[in-house]
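What follows is a short report on a single structure.
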Amino acid sequence: MSGTAEPRNSDESGNAGEPGPTEWGEHPNGLGPWESEYDTPVPTDSRYDPELLAHGDRRNVVDAYRYWTREAIVADIDTRRHPLHVAIENFGHDSNIGTVVRTANAFAAAAVHIVGRRRWNRRGAMVTDRYQHVVHHSDVDELVEFARGNGLTIVAVDNTPGSVPLETASLPRDCLLLFGQEGPGVTDRAREVASMTVSIAQFGSTRSINAGVAAGIAMHAWIREHGDLDTAW
């Protein structure tokens, strides 16, 4: 991983081996068996999964990873992950965590950190948690210890007095974006340990943006500032 030590690769969802939403029955996208799709010999490269080559690949992955094993996909993403970490507090089984994991995967974030409850709702992740490093921390202080040990600057995202507009802020490259759960936002302790708090400009009547949406906006702001678009699919 670029710029940071590799976090422990642990599936903290509690349901790693169970089918995910895109694996319940036949998915309309993807490719059939290799021999029915291509006029070339079946690959023997170790990155390819013999079962997928024989029966087709309907997973929710980009075409460049068709027929690859999960391990090969993770290994390849690991060579070009960004030094961006994302943390979300989970003290009430927040249903937005799956969305955060899926978006972090899309932006090749180094890891998603779940703070508080270990279990979370995987449905919104659409199986992307299988390709994304997910790390659990029992509390904010444990997260702070990880951030300090890996040279990460903690940036809280919350619409609170004194926050800096995300639209004009400069985010650190080695960054850990910290989000609170839906409703109360980040906890007081999370706000205390953050080097800065950024807010997302709003113009309507609602008091706050959905936590999963806010995470996507903030991650994309980091990509606009630090990402190498030549490496995007």
Next item on the list: Tell me which residues, restricted to the range 65-92, are at pLDDT below 95 and over 17 Å from the mean Cα position of the chain (by Cα).
Entry: Phe91, Gly92
Check: Of all residues in the range 219-233, which are of a type in the set (A, V, I, L, M, F, W, C), part of a loop (DSSP other than H, G, I, E, B) and open to solvent by less than 80 Å² (accessible area, probe 1.4 Å)?
Finding: Ala232
Check: Given the structure, is Ser138 open to solvent by 70 Å² or more (accessible area, probe 1.4 Å), on the phi < 0 side of the Ramachandran plot and small (Gly, Ala, Ser)?
Finding: no
Margin query: So Asp228 ticks every box in (1) touching a helix residue (DSSP H, G or I) at 6+ places or on another chain (Cβ under 8 Å); (2) closer than 30 Å to Thr69 by Cβ but one. Which box is left unticked?
Written below: (1)
Check: Which of the residues spanning the range 132-165 are among the polar types (S, T, N, Q) and under 19 Å from Ala211 (Cβ atoms)?
Finding: Gln132, Asn159, Thr160, Ser163
Notebook entry, point to check: Is it fair to say Thr99 is modelled with pLDDT under 95, surrounded by 17 or more Cβ atoms within 10 Å (Cβ to Cβ) and either among the polar types (S, T, N, Q) or more than 20 Å from the chain's Cα centre (by Cα) (or both)?
Noted result: yes
Note to self: Consider the range 47-98. How many of its residues are in a strand (DSSP E or B) and in contact with a Gly (Cβ under 6 Å, 6 or more places away or on another chain)?
What the structure shows: 4
Note to self: I'd like to check something: does the range 106-129 contain any residue that is free of Cβ contacts under 8 Å to residues at least 60 places away in the same chain and either in contact with a Pro (Cβ under 6 Å, 6 or more places away or on another chain) or of a type in the set (Lys, Arg) (or both)?
What the structure shows: yes
Note to self: For the range 26-78, which positions are touching a Pro at 6+ places or on another chain (Cβ under 9 Å), closer than 21 Å to Met126 by Cα and small (Gly, Ala, Ser)?
What the structure shows: Gly56
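The values are calculated or read from the model by the stated rules, or taken from the named source; none is laboratory data. Here the structure is a predicted model, which means the values were calculated and not measured. Methodologically, a virtual Cβ is constructed for each residue, glycine included, from the backbone with ideal geometry; neighbour enumeration extends over all protein chains shown. Quick note on the areas: whole protein, heavy atoms, side chains included, nothing else; ligands and nucleic acids left out. Shrake-Rupley method; radii C 1.70, N 1.55, O 1.52, S 1.80 Å.
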